[in-house]
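S.K.: Below is a structure I'd like to ask you about.
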Amino acid sequence: MRKSTVAWLQAAPLATVFALFFLVPLGLIVTVSFWRATDYELIPAFTLQSYADLFNEVTLRTYLSTLKFSLLTWLLTFGIGFTVAYFLAFHVRSVLWQTVLFLVCTVPFWTSNVIRMISWIPLLGRNGLVNQTLVGAGVVDEPVEW
């Protein structure tokens, strides 16, 4: 057999799984998105109302707000990241210090989100440092629920 035929036969199982578990459900979602929807049922009648609802004033404003915040976050992250990388590359002469500072910048990303969220409890929890400070200073009468 030719090499190209063998390559296609080797890729066929993966392509079948891809089609079965990705393309078929995606096609069903697209099909159902054109059906008429009520509060309790989907009626197989062609309509564009679902897509019209996507671009009403409230939803469009939410999309634009999300885009604005994502661009702002991207700009801040790019600025801080580029500055730190430039500093590490051109101003820190010792390879040991470059490695240490690089690890200080990257190790926090190795922890999972759950561990990061749990680590906020001593600071922001009901009996955390912030609430104890607020109650102790008389700013609030009882601990704040975050």
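The values are calculated or read from the model by the stated rules, or taken from the named source; none is laboratory data. Keep in mind it's a predicted model, so treat the numbers as computed, not measured. A quick note on method: Cβ atoms are made from the backbone with ideal geometry, for glycine too, and the neighbour counts reach across all protein chains shown. These accessible areas exclude ligands, DNA and RNA; they are computed on the full protein's heavy atoms, side chains included. Shrake-Rupley method; radii C 1.70, N 1.55, O 1.52, S 1.80 Å.
S.K.: One quarter of the convex hull surface, Cα atoms only: what value does that give for the chain in nm²?
M.R.: Over all viewing directions, the chain projects a mean Cα-hull area of 20.8 nm².
S.K.: Any idea what the dipole of the range 1-91 comes to, in debye rounded to 20, about its Cα centre with Lys/Arg Cβ at +1 and Asp/Glu Cβ at -1?
M.R.: 500 debye
S.K.: Projecting each Cα onto the charge dipole of the chain (Lys/Arg +1, Asp/Glu -1 at the beta carbon, about the Cα centre), which of Cys105, Ser70, Gly138 comes out farthest on the positive side?
M.R.: Cys105
S.K.: Separate question: Could you give the angle, 0 to 90 degrees to the nearest 10, between helix 95-106's Cα long axis and the longest principal axis of the Cα atoms of the chain?
M.R.: With rounding to tens, the tilt is 70 degrees.
S.K.: What whole-number value in Å² describes the accessible area per residue of the range 90-146 for a 1.4 Å probe?
M.R.: 86 Å²
S.K.: Then there is this: Before anything else, pin down the relative contact order of the chain: Cα pairs under 8 Å, at least 6 apart, normalised by residue count, whole percent.
M.R.: 7 percent
S.K.: What number, in nm² with one decimal, is the all-direction average of the projected area of the convex hull of the alpha-carbon atoms of the range 82-146?
M.R.: 6.8 nm²
S.K.: Moving on to the next point. Can you tell me which of Asn127, Asn56, Asn113 moves the most in a GNM of the chain? Springs connect C-alpha atoms under 10 Å apart.
M.R.: Asn127
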